[in-house]
Amino acid sequence: MQKLTGKTAVVTGGGSGIGLAIAQRFAREGAHVFITGRRQAELDNAVKQAEGSITAVQGDMTKEADLARLFTAVKAHKGTLDILVTNAGVSEPAMLHTITPAHYDKIFNLNARATLFTVQGALPLMPHGSAVVLIGSIAGFIGTPGYGVYGASKAATRAFSRTWTKELADRGVRVNTLSPGPIDTPMFDEVTDEMRKALTDMIPLGRLGKPEEVAAAALFLASDESSYIAGAELCIDGGMAQV
Ligand SMILES: NC(=O)c1ccc[n+]([C@@H]2O[C@H](COP(=O)([O-])OP(=O)(O)OC[C@H]3O[C@@H](n4cnc5c(N)ncnc54)[C@H](OP(=O)(O)O)[C@@H]3O)[C@@H](O)[C@H]2O)c1
């Protein structure tokens, strides 16, 4: 039985990697899914591959006008929004002594600031019983050299989900954070074989995760299967940050 029949979902950054896997899974489970991202070609491919209903609305989530256009489209086509996954994110390494204001702004503008304004923009459309899933990272609570700004931006999403769980309780909107460990997506394209091996050695399950494994957890947090889970962080990391 499909788990999201009749639901409407938004997945930001749904044209590649984890976001693509989440959007495809939600669509297979019966949801109508709106995806966003800056690259039209990636979005078109995602729509073409869909085994369900996916609508692409091209846009940059750091831009207010693009966010407004996204939610105007959702309202016009569906009226309400049951599930929001803030997945669009960026990761770039920089050790403390090399961090520039531009690096800081780029990471925080998308991972923290855009996450906040995406949720704020979606809320007027979200009825009682809706679910918000923020994509965090285990980098938000473990120390990884070179990922200070990225980790801090992901710790911000975790903090948002705690506060918003209380702020939105009266409206019946659940907020949870889904924090992946190393997942084999385009974000890993630049990683050398040596780094991949070093990383794999740190993971109890002995391999990188697959985007589909994160999508399965996103489905759980987005669906009524998790109806009594709020303000939590679910880690999909092969045990890396758990033991
Ligand atoms: N892969 C991992 O190991 C891992 C681990 C922990 C957490 N995460 C998190 O998981 C999420 C997805 O990452 P991924 O690994 O799937 O990498 P990815 O394939 O690079 O996905 C990032 C997505 O975000 C979109 N995006 C980037 N900037 C955007 C913007 N300004 N506006 C709208 N969309 C934007 C990208 O599309 P466009 O470029 O077309 O805009 C892309 O579809 C991120 O939040 C990341 O931090 C990943």
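Some values worked out for this structure:
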quantity: Condition broken by R196, with the remaining ones in (1) surrounded by fewer than 17 Cβ atoms within 10 Å (Cβ to Cβ); (2) under 21 Å from the mean Cα position of the chain (by Cα); (3) without any contact (Cβ under 8 Å) to a residue 40 or more places away in the chain satisfied; calculated: (2)
quantity: Subset of the range 80-111 (residues that are within 12 Å of the ligand (Cβ to nearest atom) and aliphatic (A, V, I, L, M)); calculated: V85, A88, V90, I107, L110
quantity: Yes/no for I135 being within 12 Å of the ligand (Cβ to nearest atom) and either basic (K, R) or farther than 17 Å from N87 by Cα (or both); calculated: no
quantity: Listing of strands (runs of 3 or more DSSP E) fully contained in the range 1-112 that carry 1 or more residues being modelled with pLDDT of 95 or more and surrounded by fewer than 24 Cβ atoms within 10 Å (Cβ to Cβ); calculated: 32-35, 53-56
quantity: Residue within the range 51-58 that is within 10 Å of the ligand (Cβ to nearest atom) and under 17 Å from the mean Cα position of the chain (by Cα) present; calculated: yes
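The values are calculated or read from the model by the stated rules, or taken from the named source; none is laboratory data. Computed from a predicted model, the values in this text were never measured in an experiment. Cβ: placed from backbone, ideal geometry, glycine included. Neighbour counts: every protein chain shown.
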